[in-house]
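Since the structure comes first, as structure tokens, the remarks are kept for the end.
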Amino acid sequence: MSAPMEVVLSADSASQLWNCAVFDPHTSTNLLSYRGGNSSPRALTVLNGEYILGAQLGKNFINVWEIQRKDQLQQKIVCPGIVTCLTASPNGLYVLAGIAEAIYLWEVSTGNLLVILNRHYQDLSCVHFTDDSSHFVSGGKDNLALVWNLASVVQVDSSHDPEPRHVLSRHSLPITDIHCGLMGPQARVATASLDQTIKLWEISSGEMLLSVLFDVSIMSVTLDPCEYFAYCGGSDGSIFQVSLCSTALSREKTFQSDSEGNQVFKGHRNLVTCLSVSMDGTLLLSGSHDETVRMWDVQSKQCIRCINHKGQVTNAAIIPAPANMFLPDSRPAIPLPRFSRHLNPTEQGEGAGTGGVCLRLGTSCQEPEETYLEKAERLHSLMCAVTDKSVFGDGENTKVRVSELEEEVRTLKKINKDLYEFSTQLLTKPN
């Protein structure tokens, strides 16, 4: 039997049999299980296809397993507080954790804690990276979703606190789930909330594209890979399919079943806390507090498989099967280092004797080269000073200097315009 292309990774609150387990989405066969503790909701993630990380429910540490050594708990990452949500960047370079109202960002290669972001006012409920790892979105009980640019967060200059790129503040009650679509910085983000709405946003502008109101609180949300539909898990056990391609789509609408794709999946008896769609868009996975994980055929809206758990389902997702998941003799290419609990590990006695060089994104120590716009602005300021007699006096030399500067400004403006037009044509050029 060949290894599956996709697998289901799930966990429940009881953890009587295992912390988390891997199932075949087409047969519901239990392929692997990982023992030790139990994982918090939205706090189970795969790191670089080599490790599984699960934040311990109600405790201040993260359980770590090598993905192919299923029976042995490899290590524990001790954190400064109870972890409420957890994710790893798709490129495997960073780990994000929500601890109370703060976001902690670690660099995987060194284990260094790079930054602590304190822009939420209440506990975090979820955090997600975009597919290219360039941005991440955090949601909390303060009703806010914040869009962060990773490059601006991971910087050497510690004198300035990183600011979110956008603050998404249209929800009126705590955010329960976030889903980031494809296309990196051009992606769309879906947020779900207890205010009975889901909202669709554009990462690049922070603009709200769509808001859908339901009769119940929404506990989970996901999009299919083509973003034709949004799937929303309700507090009553219903799963709502919302068409994103309707011809009559307005920016704010109330959900109603119709023939244009707005449908309801019925089967769960309690909160639907997890939703995920297969890569081909034909299967929908749902996890619920009724202690079941269900597989649905999207076209027929029928439940085709049910995986029973021993407790409320806290995490469930369809993920690409890592290459070495079913190779028991393989090992991670790079061992996981010890994760620091402090921003300056050497000052706290951590990381001593590890050696090596840490390279990070950030501003150059040397004076950065001026851009054309900055140079034009500086020359304009200089021109204003030139016209002041108290600076240069009055005479023919002053007029000549002003003419030279004006000519240079015109040249720089033309260069800037040409660069802008070239960039526009490059971005809008059809494939």
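The values are calculated or read from the model by the stated rules, or taken from the named source; none is laboratory data. All figures in this text were calculated on a predicted structure; none of them were measured in a lab. Neighbour counts run over all protein chains shown; Cβ positions are idealised from the backbone, glycine included. Please note that ligands, DNA and RNA were not included when accessible areas were found on the heavy atoms of the full protein model with its side chains. Shrake-Rupley method; radii C 1.70, N 1.55, O 1.52, S 1.80 Å.
Taking segment 200-216, which residues are within 17 Å of the chain's Cα centre (by Cα) and free of Cβ contacts under 8 Å to residues at least 40 places away in the same chain? Talk me through it step by step, then tell me what you get.
Start the filter on segment 200-216 by keeping residues that are within 17 Å of the chain's Cα centre (by Cα), which leaves 200-206.
Across segment 200-216, the qualifying residues are GLU202, SER204, SER205.
Based on this model, can you work out whether THR254 counts as polar (S, T, N, Q) and open to solvent by less than 60 Å² (accessible area, probe 1.4 Å)? Full working, then the answer.
Numbers: polar (S, T, N, Q): yes; open to solvent by less than 60 Å² (accessible area, probe 1.4 Å): no.
Here the answer is no, as THR254 does not meet what is asked.
Here is a check on your reading of the model: is LEU31 under 23 Å from TYR121 (Cα atoms), in a strand (DSSP E or B), modelled with pLDDT of 90 or more and not small (Gly, Ala, Ser)? Talk me through it step by step, then tell me what you get.
Numbers: under 23 Å from TYR121 (Cα atoms): no; in a strand (DSSP E or B): yes; modelled with pLDDT of 90 or more: yes; not small (Gly, Ala, Ser): yes.
Answer is no for this residue.
Name the pairs whose Cβ atoms lie under 6 Å apart, with the first residue in segment 302-318 and under 20 Å from ALA43 (Cβ atoms), the second assigned to a strand (DSSP E or B) and open to solvent by 60 Å² or more (accessible area, probe 1.4 Å), and 6 or more positions between them or separate chains?
THR314/PRO41
I'm told GLN16 meets every condition in (1) at pLDDT 90 or above; (2) closer than 13 Å to GLN312 by Cα except one. Can you identify the failing condition by its number?
Just one mismatch for GLN16, condition (1).
How about segment 143-187: which strands (runs of 3 or more DSSP E) wholly inside it have at least 1 residues that are in contact with a Pro (Cβ under 8 Å, 6 or more places away or on another chain) and modelled with pLDDT of 95 or more?
Numbers: elements: 145-149, 166-168, 175-180.
Ranges flagged: 145-149.
Of all residues in segment 75-127, count the ones that are outside any strand (DSSP E or B) and over 18 Å from PRO162 (Cα atoms).
Filtering segment 75-127 for residues outside any strand (DSSP E or B) gives 79-82, 89-93, 100-101, 108-112, 118-123.
Cutting the leftovers down to over 18 Å from PRO162 (Cα atoms) gives us 79-82, 89-93, 100, 108-111, 122-123.
Residues in segment 75-127 being outside any strand (DSSP E or B) and over 18 Å from PRO162 (Cα atoms): 16 in total.
Determine whether segment 65-83 contains at least one residue that is farther than 25 Å from VAL7 by Cβ and under 13 Å from the mean Cα position of the chain (by Cα). Steps first, please.
Residues of segment 65-83 farther than 25 Å from VAL7 by Cβ: 78-82.
This time we only want the ones that are under 13 Å from the mean Cα position of the chain (by Cα), so: none.
Scanning segment 65-83, I find no residue that is farther than 25 Å from VAL7 by Cβ and under 13 Å from the mean Cα position of the chain (by Cα), so the answer is no.
Testing ASN324 on (1) at negative phi; (2) open to solvent by 20 Å² or more (accessible area, probe 1.4 Å); (3) at pLDDT 90 or above; (4) of a type outside the set (Gly, Ala, Ser), one condition comes back false. Which one is that?
Among (1) at negative phi; (2) open to solvent by 20 Å² or more (accessible area, probe 1.4 Å); (3) at pLDDT 90 or above; (4) of a type outside the set (Gly, Ala, Ser), the lone unmet condition for ASN324 is (3).
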